[in-house]
1. Taking ASN443 as meeting all but one of (1) out of contact with any Leu (no Cβ under 7 Å at 6 or more places or on another chain); (2) touching a residue at least 40 places away in the same chain (Cβ under 8 Å); (3) crowded, with 17+ Cβ neighbours inside 10 Å; (4) not small (Gly, Ala, Ser), write down the number of the exception.
2. For the condition of a type in the set (Lys, Arg), surrounded by fewer than 20 Cβ atoms within 10 Å (Cβ to Cβ) and not assigned by the TED database to the domain that holds PHE447, what is the one hit in ARG344, ARG331?
3. Filter the range 447-460 down to the residues that are open to solvent by 20 Å² or more (accessible area, probe 1.4 Å) and touching a residue at least 40 places away in the same chain (Cβ under 8 Å) and list them by number.
4. Given the residues ILE478, ILE484, which is the only one that is more than 18 Å from VAL359 (Cβ to Cβ), crowded, with 22+ Cβ neighbours inside 10 Å and either assigned by the TED database to the domain that holds LEU330 or of a type in the set (A, V, I, L, M, F, W, C) (or both)?
5. Is it the case that the range 37-56 has a residue that's over 17 Å from LEU218 (Cβ atoms), among the hydrophobic types (A, V, I, L, M, F, W, C) and buried (at least 18 other Cβ atoms within 10 Å of the Cβ)?
6. Given the condition farther than 17 Å from ALA472 by Cα, assigned to a helix (DSSP H, G or I), aromatic (Phe, Trp, Tyr) and touching a residue at least 60 places away in the same chain (Cβ under 8 Å), answer yes or no: does some residue in the range 399-419 qualify?
7. Looking only at residues in the range 421-440 that are in contact (Cβ under 8 Å) with a residue 24 or more places away in the chain and over 26 Å from THR364 (Cα atoms), which one is most open to solvent (accessible area, probe 1.4 Å)?
Amino acid sequence: MESWSVDQVCNWLRQRNLGELVPKFREEEVSGAALLALNDRMVQQLVKKIGHQAVLMDLINKYHQQKNGLQSLTCYCGTASPELAGAISGITDKQLFSSPGPVEQKRCLPSSDREEGLIDRRVLKQKKNVKSFLARYKTLQWTSSYALPDFPYDVKCMLAEKKSPDHSMRIRIIEYLQADMTKYLKGSLYPNSQQYNIVVNALLQAYPFLDEGGNGFLLWKRALKDRFKYVRRPIEDDEQVLRNKCKFGHRRGQSRKSVCAENKPLDVQLRIEEEPVYVDGQALDVHITWLKREYLKAQRNWEEVDSRMRATSGVRRKMIDDKAPLKEILRLFPFLRCPYQLFREFQLLTHTDIYKKTVEILETYSENILSLHVVRNNPINIMLQENLKLHAEEDVQKYMKMTAACLLLPEVFGDDATLFAAVNEEVTVVTPLLKVKNPFNVNSCEFALCVEREELTQLDDCAAALAALVAAFHVFEIPCPWGIRSTLTFLAS
């Protein structure tokens with residue numbers, strides 16, 4: 001297929017009921033080699049309909065999967081049995097691409113000496129990388145015959161009724177898919193793009209009503225990727241931290257100790273709908289004692305933390321309403337120092353996932369904010385432009401722009417930036433404030449939330465820091481300074 005012309009690619013599209021894509025593929029001169037090199041982003045730009053995107057990527061991935069698996073098997077068998085290697089290498093690209101599933105044994109016979117010679121030459125080129133091919137073949141074995149996990153009873157009932165799942169049910173489905181995929185990822189923390197596609201395709205084929213009019217594939221895939229991104233398995237060493245942060249373009253090259261030991265990873269969605277609960281004095285003492293002891297541990301039982309924080313929410317709200325000293329509240333409920341619990345408390349009060357909302361705001365408005373005339377000569381923007389020249393990676397540049405947009409928000413609304421963030425400066429105000437060091441240095445940037453001039457918690461990125469700032473004003477019922485009222489109103493409304 002690598003040698004196909006544009007016309008051959010267009011003919012293949014028609015055979016796969018994708019004739020609508022032919023004019024665009026001709027215009028962009030997509031040959032066979034170009035088709036095999038397409039990634040998710042290119043397909044989204046090339047193909048408008050999500051259903052066509054999913055079908056096209058699935059066909060391409062199946063071709064890669066079968067061809068790579070067969071080549072690695074040929075390399076392996078070549079050292080043991082030349083006859084078997086010759087038989088396997090006799091499979092043509094056309095047979096691979098049209099085959100709906102794994103190649104059957106009866107098709108592993110050479111069709112002609114000429115075809116055998118062509119494939120053999122290609123295999124010989126790959127023999128230098130036998131190890132990598134065998135490793136890839138091993139990782140693809142489970143995806144070629146992947147079966148969905150056995151969902152719990154309530155999920156099965158919902159799926160049997162063919163009802164569109166609500167938010168909590170979606171989370172449960174994603175949780176079970178992630179747990180099931182993790183069993184196969186022995187040496188890696190994250191699946192590759194093809195494995196995500198296989199799992200999501202299996203889900204939508206088994207339950208077509210989850211596709212939601214052809215838009216479900218990318219939504220489920222994004223939710224599953226976010227689950228792996230934010231809800232990580234335990235990380236063993238610093239090198240592993242660096243590798244995975246670099247893989248996602250998040251805090252690239254970061255070498256300082258991760259603050260995740262204190263901050264529970266932000267879940268895909270916070271799930272809180274309960275009203276405050278009141279407990280008697282003896283039960284309250286038991287809860288507080290347990291929370292204090294658990295806060296000192298490195299590995300925490302977060303489910304039990306959530307349960308006990310929910311059980312004591314009524315007492316905590318009463319203390320805050322009565323203007324109890326913040327130090328006393330944090331002494332009794334130290335988990336309020338963790339961003340996860342701070343966001344959870346905010347959602348209890350407002351029924352809003354402030355972290356998710358803040359990420360959406362920064363992703364949506366960062367480009368517009370940086371293009372405004374009012375921020376063009378701001379020192380933050382000048383610092384951003386200088387640092388953008390040092391990094392060519394798209395994900396790093398996007399992260400820097402979001403950070404700059406976050407710090408420039410007060411300038412956009414004409415507010416007092418000194419009441420919003422202290423960038424490479426000492427904190428001088430008592431109200432909640434962001435403390436930021438080296439915001440555009442990907443190796444040493446730091447974000448922290450300060451209240452009453454003391455550091456409340458450290459945060460991983462600008463979105464979490466901005467969400468924590470908004471949450472702190474609401475959770476601790478701190479009056480908002482008039483100088484940043486417009487900015488906080490925009491973020492919270």
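1. Every listed condition holds for ASN443 apart from (3).
2. Exactly one of ARG344, ARG331 is of a type in the set (Lys, Arg), surrounded by fewer than 20 Cβ atoms within 10 Å (Cβ to Cβ) and not assigned by the TED database to the domain that holds PHE447, namely ARG331.
3. Passing the criteria: GLU452, GLN458, ASP460.
4. Working: ILE478 fails: crowded, with 22+ Cβ neighbours inside 10 Å.
So the residue among ILE478, ILE484 that is more than 18 Å from VAL359 (Cβ to Cβ), crowded, with 22+ Cβ neighbours inside 10 Å and either assigned by the TED database to the domain that holds LEU330 or of a type in the set (A, V, I, L, M, F, W, C) (or both) is ILE484.
5. no
6. Yes.
7. Applying the filter and picking the extreme gives THR428.
Here's the yes/no breakdown for (1) among the basic types (Lys, Arg); (2) open to solvent by 50 Å² or more (accessible area, probe 1.4 Å); (3) free of Cβ contacts under 8 Å to residues at least 40 places away in the same chain; (4) outside the structural domain of GLU452 (by the TED database):
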site: PRO325; (1), (2), (3), (4): no, yes, yes, yes
site: LEU370; (1), (2), (3), (4): no, no, yes, no
site: ASN378; (1), (2), (3), (4): no, no, yes, no
site: MET383; (1), (2), (3), (4): no, yes, no, no
site: LEU388; (1), (2), (3), (4): no, no, yes, no
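The values are calculated or read from the model by the stated rules, or taken from the named source; none is laboratory data. All values reported here derive from a predicted model rather than from experimental measurement. All Cβ positions, even for glycine, are placed from backbone atoms using ideal geometry, and neighbour counts span all protein chains on display. Keep in mind that these areas ignore ligands, DNA and RNA; they rest on the heavy atoms of the full protein, side chains included. Shrake-Rupley method; radii C 1.70, N 1.55, O 1.52, S 1.80 Å.
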